[in-house]
Amino acid sequence: MKDSFGREIKYARISITDLCNLRCKYCMPEEGITKKDCSEILKIEDFIKIAKALVDLGIDKIRITGGEPLVRKGVITLVRQIGAIEGLKTFAITTNGILLPKYAEELYKAGITSVNISLDTLVPEKYKDITRGGNLSDALAGIEKSLELGFDKVKINVVLIQDFNDDEIEDFVRLTEQKPIDVRFIELMPFKGQHELALGKYLPGDVVLEKVPELRRIDDEDPSSPARYYKLEGALGRVGLINPLSHKFCDRCNRLRITADGFILSCLHSRKEIDLRGSLDEPEKLKQLIIKAVNEKPLSHKIENGELMDRDMVNIGG
């Protein structure tokens, strides 16, 4: 599928729950979110129908997200069935890592090839603060389990936050020296419930290069990747910079997003959503709605103009 600007859309992120076992400050408001009724969240079989339609239309990469996807009942069943869809080349999951010691082996066997783990600090007290109660040791155990199993890619996603983790940038970069992981620094983006936090704590991704000047640019493995990759000499892993604000990459965006309650978004910050729920039992109609979303994909987000998504990040999918 190509959108109206000629971008080939090959990648879909499917959020299977808006629930999470952490309450990260940049993702969820302090008071939490209003829990949706079970009837509002798609069933496992609904996600599989959507995944099949996406692959039929040319999507060859799917990422399972949340909330925290591993808290979703039936997640392994869902992963097995999506992983078996013919034509799917890359199958990934984004998680906070807490439940990976329990589920990583089953995910690996079910076809997951890439694991992204959200981790914003290497200091236990700061981790407990930013996640509102989480234990760093649980997340680190999830990373180690993923490396032990040998997924094709293990990536750590670090949201840059001024006066919180800017003093840990070099520590994160040094993780790539001895471990075959990608550490990716992501600029903090404003969302509905966390707008003030984002405005006060934003750091441009280039601060990483200022802190660790010995990083050297390397060729991206995928031209559509949002990350610019760098490497320390002799390191086993890479360092990625994802800069949606300071270095917009909308011109090469190749993705769609499916929310847990059954809407399709063609841009992370677009307010335009298309409801798929009434077409789940009509494959051709479902495909036409997906094509409609692709055709209406905007050229660029307008965050710099103050246009913000009406959902909190946890309601969209990480």
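The values are calculated or read from the model by the stated rules, or taken from the named source; none is laboratory data. Note that the structure is predicted; figures quoted are calculated from it, not measured. Backbone-built Cβ (ideal geometry, glycine too); neighbour counts: all protein chains shown.
A few points about this structure:
- Residue satisfying all of: in the range 240-255; surrounded by fewer than 16 Cβ atoms within 10 Å (Cβ to Cβ) and modelled with pLDDT under 90; farthest from I161 (Cα to Cα) among these: F249
- Subset of the range 116-129 (residues that are under 17 Å from T94 (Cβ atoms), in contact (Cβ under 8 Å) with a residue 40 or more places away in the chain and not small (G, A, S)): N116, I117, D120
- Hits in the range 201-210 - residues which are under 25 Å from the mean Cα position of the chain (by Cα) and in a helix (DSSP H, G or I): K201, V207, V208, L209
Here's the yes/no breakdown for (1) acidic (D, E); (2) surrounded by fewer than 21 Cβ atoms within 10 Å (Cβ to Cβ); (3) within 15 Å of K155 (Cα to Cα):
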position: I76; (1), (2), (3): no, yes, no
position: E86; (1), (2), (3): yes, yes, no
position: S114; (1), (2), (3): no, yes, yes
position: T121; (1), (2), (3): no, no, yes
position: D138; (1), (2), (3): yes, yes, no
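- Residues being among the hydroxyl-bearing types (S, T, Y) and either touching a Pro at 6+ places or on another chain (Cβ under 8 Å) or under 23 Å from K128 (Cα atoms) (or both) - total across the range 89-110: 3
- Residues (more than 23 Å from I112 (Cα to Cα) and within 20 Å of the chain's Cα centre (by Cα)) located in the range 133-164: G134, L136, V159, L160, I161
- Among the residues of the range 238-264, those identified as in a loop (DSSP other than H, G, I, E, B), more than 15 Å from E187 (Cα to Cα) and not β-branched (V, I, T) are C253, N254, A260, D261, G262.
- Filtered by the rule that a residue be surrounded by 15 or more Cβ atoms within 10 Å (Cβ to Cβ) and either at pLDDT 95 or above or in contact with a Leu (Cβ under 7 Å, 6 or more places away or on another chain) (or both), the range 270-290 gives E273, I274, L276, S279, L280, L286, K287, L289, I290.
- The range 274-303 - residue that is out of contact with any Lys or Arg (no Cβ under 9 Å at 6 or more places or on another chain) and free of Cβ contacts under 8 Å to residues at least 60 places away in the same chain and, of those, farthest from K61 (Cα to Cα): K302
- Search result, residues across the range 154-171 that are in contact (Cβ under 8 Å) with a residue 60 or more places away in the chain and not β-branched (V, I, T): K155, N157
- Evaluated against (1) surrounded by 17 or more Cβ atoms within 10 Å (Cβ to Cβ); (2) assigned to a helix (DSSP H, G or I), A235 falls short on exactly one condition, (2).
- Filtering the range 47-77 to residues that are in a strand (DSSP E or B) and touching a Leu at 6+ places or on another chain (Cβ under 7 Å) leaves only I62.
- Residue-level analysis places K52 outside the set of residues that are surrounded by fewer than 14 Cβ atoms within 10 Å (Cβ to Cβ), of a type outside the set (V, I, T) and modelled with pLDDT of 95 or more.
- Filter result for M1 (farther than 28 Å from L119 by Cα, out of contact with any strand residue (DSSP E or B) (no Cβ under 6 Å at 6 or more places or on another chain), crowded, with 18+ Cβ neighbours inside 10 Å and not acidic (D, E)): yes
- Note on the range 154-173: residues that are surrounded by 16 or more Cβ atoms within 10 Å (Cβ to Cβ) and not aromatic (F, W, Y) total 12.
- The range 99-109, residues that are farther than 9 Å from L70 by Cα and buried (at least 20 other Cβ atoms within 10 Å of the Cβ): A104, L107
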